[in-house]
Structures are given as C-alpha cells and as structure tokens.
Amino acid sequence: MPLKKNHKTGKLISFEGSEGSGKSTQIALLAAHIQKSGLDVVSTREPGGTEIGEQVRNIIVHNSKGDEMCAETELLLFAAARAQLVREVIAPALMRGAIVLSDRFLDSSTVYQGIGRSLGAGPVNEINRFAVGNVMPDITIVIDVPTEVSLARLKQRASDLPDRMERENIDFYNKVRDGYLVLAKSMSDRFVVVDGTKSQDAIAKEIWNAVSARLK
Ligand code: TMP
C-alpha cells in the first residue's frame, strides 16, 4: 500500500539499544510524561505491534527451527513486520497528529542484521527503505550500555529461557553496541545517545529534555 505524501503531522520517536538497555521502562515513562502534557501518544514495538507482526515476531524469536534460519530470512521477516506496523499503526497515528514511541525501528535492522549478521549496509538500507516508505523517525534515542551490563541484566530477567536472539555471543553484542554508536555519530541530527548505566530517573530526565527541545 503506498503511503500518502502528506501523512506527517505527528512525530515518530524510536528507541534503540541492546537487550536489557532499559528501553521499555523509558518508553513507559516518556509516554506518561507526554500524556500529562495533553498530547496524543501511541506506544508500539518491533518486531510486533500488530497481530501479523506479533506472529512474525514469534517465528523470529521462538521458532523451534530458529537455529536454521538464515540471516537473509531474518532480515526480511523483520522488514515484513515493520511494513505492517508502519501502514497499520504508525502512519495513521502520525496522520492524526500523535506522538508515536516505537521500541525499535529500522535502525535495529541496520545494526543487528547489517553489522551483527554481516549482511552489509547496502541490502539492509534498500529493504528498510522499501518497508518504511517515507516514514522515518524524527528522533532516535539510543540507550547505551556496556555489553557486560546488558548480558548481566538479561541473565537476571524473570523469563526462564533466553530467546533465539538472546542466545547470541558477546562478540555479536559488541558489534551491535558499536554499530549503534557509529550510526548515531553519522546522523547526529536525528540521534540522541544516553548513558543507560545512570539511574532510571536521570535517564528519563535526559530523554525528556532532549525530546522536548527537539519537538518545540
Ligand atoms: P526486543 O527484545 O527489544 O523486543 O527485540 C527483539 C529482538 O530482535 C532483539 O534481539 C533485537 C532483534 N531485532 C533485530 O535483530 N532486527 C530488527 O530489525 C529488530 C526490530 C529487532
């Protein structure tokens, strides 16, 4: 489905970072803050956020044949979930002027599949572009934590078994972390990097300051 050219009156804010970086907590805090200001806010996540996308998520992270999934398939599945989310949830919300907070967006594919899985920037950018059409984040918050911290937090999570992505090794996660930092440097207009080892309140404050300054 082509996206209308003038769909954008709202704002899209994506959150990125490694596993255990604290994205979901910060999204909930920011959503509450924005809501208090009387604005329309929509929170969503990738992969997922739609019925079709949640089914795709299940294939990617919980499929019993997951270990046999090749990197190309993984990239296309993430893109499929994203294409659905953009057309079903994000674009309509932006059209009515909402602020959309997305737990991950296209930069996750750039970093996890492009760099982590070594598929390269060329194919990943092309597929990302096809999936999102003209819907790009206005602001991207990267919550940066050292890989050791990220892995220690993963271990502490209540859920019993790590999913397919969480079973990756430290080298993979180091590549992901470095990938985000390099990406953020190359697009400093869009990206804001916050230190995810600070207290929840301090991080929330930093994010709110960055967002409110950029949304003015
Ligand atoms: P989550 O744990 O933050 O919900 O994300 C699910 C996993 O999927 C996480 O390991 C990151 C990964 N992922 C990618 O590899 N590429 C993508 O494009 C997206 C959106 C997520």
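The values are calculated or read from the model by the stated rules, or taken from the named source; none is laboratory data. Bear in mind the structure is a predicted one, so any value in this text is a computation, not a measurement. Cβ sites come from the backbone with ideal geometry, for glycine too, and all protein chains shown count toward neighbours. Only protein heavy atoms, including side chains, enter the accessible area calculation; ligands, DNA and RNA are left aside. Shrake-Rupley method; radii C 1.70, N 1.55, O 1.52, S 1.80 Å.
Overview of results
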{"quantity": "Residue that is most open to solvent (accessible area, probe 1.4 Å) [pool: residues in region 65-88 that are more than 14 Å from the ligand (Cβ to nearest atom) and at pLDDT 95 or above]", "calculated": "Glu88"}
{"quantity": "Verdict on Arg167 being within 16 Å of the ligand (Cβ to nearest atom) and under 27 Å from Leu85 (Cα atoms)", "calculated": "yes"}
{"quantity": "Cross-chain or 6+ apart pairs with Cβ under 8 Å, region 46-64 first and on the phi > 0 side of the Ramachandran plot and more than 7 Å from the ligand (Cβ to nearest atom), then part of a helix (DSSP H, G or I) and of a type in the set (A, V, I, L, M)", "calculated": "Gly48/Val56; Gly48/Ala81; Gly48/Leu85; Gly49/Ala81; Gly49/Leu85; Gly49/Val89"}
{"quantity": "Contacts under 8 angstrom Cβ, first residue in region 10-22 being of a type in the set (D, E, K, R), partner open to solvent by less than 10 Å² (accessible area, probe 1.4 Å) and assigned to a strand (DSSP E or B), 6 or more apart", "calculated": "Lys11/Val100; Lys11/Ile139; Glu16/Thr140; Glu16/Ile141; Glu16/Val142; Glu16/Ile143"}
{"quantity": "Some residue of region 95-103 being within 23 Å of Leu215 (Cα to Cα) and near the ligand (Cβ under 10 Å from one of its atoms)", "calculated": "yes"}
{"quantity": "Selection from region 148-164 of residues that are more than 21 Å from Ile27 (Cα to Cα) and either near the ligand (Cβ under 10 Å from one of its atoms) or open to solvent by less than 90 Å² (accessible area, probe 1.4 Å) (or both)", "calculated": "Ala152, Pro162, Asp163, Arg164"}
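Listed here are the residues, each with its yes/no results for (1) open to solvent by less than 10 Å² (accessible area, probe 1.4 Å); (2) hydrophobic (A, V, I, L, M, F, W, C); (3) out of contact with any Leu (no Cβ under 9 Å at 6 or more places or on another chain).
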residue	(1), (2), (3)
Ala93	yes, yes, no
Val100	yes, yes, no
Asp103	no, no, yes
Leu106	no, yes, yes
Ser109	yes, no, no
Gly120	no, no, yes
Asn128	yes, no, no
